[in-house]
Amino acid sequence: MFKKEIYFILIFLWWIFLIQPTFAADDCENKSDPFAKYECRIEKVCKEYDENKKVFNPEKYKEAEKYKETEISDVFLRSSRTEKPIKKAVSVYKENMNNIYKCSMIGIQKNSILKIKWLLKLDKTLEIWKSIDAKITNIISKLDMVAQSTKCLGIDKKTIYNKLSILRQTTYETCKFWFYTDYLKEYYSDPANALWVSKKEIDDAQKAGEPIKFTNTEAADTIWWLNKALDTELNQAYKTFPVAFHAYSEYENNYPIHFLLELLKTDFMVFRDNLHKMINPINQVWYKIVNAMLK
């Protein structure tokens, strides 16, 4: 069942990302406001993959106009006003995806350690417990601090393996990002938005008989460049999606085993030390016998 649903979700991704269909929801396509159309599409198409058991509450996208004065913190992004909505959208998408994976990985570590902590109670001698209890407590404390600073939501303590839920959450975020880039394309189709010139400035220039601040060629070139930039970012998201999920899957599969091996190493060290304590007095008997015979 799990494999079938993953397969179905991947087919869904291929469908919306590569084929890019025209959606038949007239109540969305007939909306005159591009952002209202975007929100309607999210509700009609992406909502199916909105996961109830979220590990992180993602930031929502805003209308492009609201990003005019937004400061972009990413040092790799230039500060062109025209590109700000694109760069802010990319920043929001990356931050959301990173935090979903980060919070889930914190959950994997914590749940794995807590289950192993429970197993340690089965050791009636408490020898391993004494050796590793302080380390476990310290790790859990650090994980709680990171989870709090990242604003992770409640972690499901019942399970370590959470692939399907994370796949649904990241699919939902990628679906929203795709529709937001589509919204930005429609937004930039207006030369005033593409060149960040207000409609009032255009109207005032036309009434005064003065030349507009941009030519048709300049507007067309800018719109083409912005659309290309959006396609580039979207294609990068498509390429990164399966790579990131595969890396997360490997981490989820291997971390519990890794920690169990650490526990096995600790168990061996405890056994070695105890064996040494037991054998060492016996070894001393031989030297005492030799010394006694010499006398």
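The values are calculated or read from the model by the stated rules, or taken from the named source; none is laboratory data. For clarity, every value in this text was computed on a predicted model and none was experimentally measured. Cβ coordinates were reconstructed from backbone atoms using ideal geometry, including for glycine residues, and neighbour counts include every protein chain displayed.
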I want to confirm something. Restricting to the range 20-54 and keeping residues that are surrounded by 16 or more Cβ atoms within 10 Å (Cβ to Cβ) and of a type in the set (Val, Ile, Thr), which single residue is modelled with the highest pLDDT?
Ile42
Between Tyr180, Tyr172, Tyr188, which is modelled with pLDDT of 95 or more and either more than 30 Å from Asn57 (Cα to Cα) or among the hydroxyl-bearing types (Ser, Thr, Tyr) (or both)?
Tyr180
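Per-residue answers, yes or no, for (1) part of a helix (DSSP H, G or I); (2) modelled with pLDDT of 85 or more; (3) of a type outside the set (A, V, I, L, M); (4) surrounded by fewer than 16 Cβ atoms within 10 Å (Cβ to Cβ):
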position	(1), (2), (3), (4)
Asn193	yes, no, yes, no
Ala205	yes, no, no, yes
Leu226	yes, yes, no, no
Ala229	yes, yes, no, no
Glu233	yes, yes, yes, no
Gln236	yes, yes, yes, yes
In the range 78-93, is there at least one residue being within 12 Å of the chain's Cα centre (by Cα), modelled with pLDDT of 90 or more and aliphatic (A, V, I, L, M)?
yes
